[in-house]
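What follows is a short report on a single structure.
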Amino acid sequence: MTTVQIIMADSRYASELGRLLLRDGQHRVLHLDALDEAESGVVVMDSHHFQDLSLPPCHPDQVVLVADHQEALLTKAWEAGLRSVVYADEPIQTTLLAVIAAELRLLKSVGLPWAPPAPA
């Protein structure tokens, strides 16, 4: 089971993403106001919360940024080492795919096997 921190101002988007993640029974979802570096797993955050970070995340390859179309923000994400950026106006399923990709990178980094989730 992978923990996913969702840190977003858009509660409707955050709730829907959380619902999609919980549906397969393979994710523990935390809706937070700020990044908790003590929690392992994947982090999904919006532009507002990403810009509020004083330091880049410790594990940028496990962060999915749901971003606005701002060149300065994308530059900051690139410089912080983020590998997954999804635009806020894309379908939420795109974010779900980015979360799964980050989860696979996490599992590969710790040497754990991955099995696809059971069909819902």
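Values quoted throughout were computed directly from the atomic coordinates according to the rules given, and no laboratory measurement underlies them. A quick note: this is a predicted structure, and the numbers were derived from the prediction, not measured. Heads up, the Cβs are rebuilt from the backbone with ideal geometry, glycines too, and the neighbour counts pull from every protein chain shown.
Can you compute the FRET efficiency between residue 105 and residue 3 using 1/(1 + (r/R0)^6), with r the Cβ-Cβ distance and R0 = 22 Å? Round to the nearest 0.05.
Numbers: r = 15 Å, r/R0 = 0.66.
It comes out at approximately 0.90.
With Rg and the Kirkwood Rh both taken from Cα atoms, where does Rg over Rh land for region 2-67?
Numbers: Rg = 11.2 Å, Rh = 11.9 Å.
Rg/Rh for region 2-67 comes to 0.94.
What full-extension length gain, to one decimal in nm, is calculated for residue 51 and residue 83 as 0.36 nm per residue of separation minus the Cα-Cα distance? Length gained between residue 51 and residue 83: 9.9 nm.
For residue 92 and residue 15 in the same chain, what is the full-extension length gain: residue separation times 0.36 nm, less their Cα-Cα distance, in nm? Display every interim value, and only then the final one.
On the way: separation 77, 0.36 × 77 = 27.72 nm, distance 1.10 nm.
Going from the current span to full extension adds 26.6 nm.
Structure remark: mean-square fluctuation, Gaussian network model of the chain, C-alpha springs under 10 Å; the largest value among 51, 70, 26 belongs to 70. For the chain, the 222 nm mean residue ellipticity estimated from helices alone, with every DSSP H stretch of n ≥ 4 adding -39500 (n - 2.57) and the total spread over all residues, rounds to -12500 deg cm²/dmol.
Quick one: what does P(r) look like for the chain with 5 Å bins over all Cα pairs, in whole %? The distribution over the chain is 2, 11, 24, 26, 20, 11, 4, 1, given as percents.
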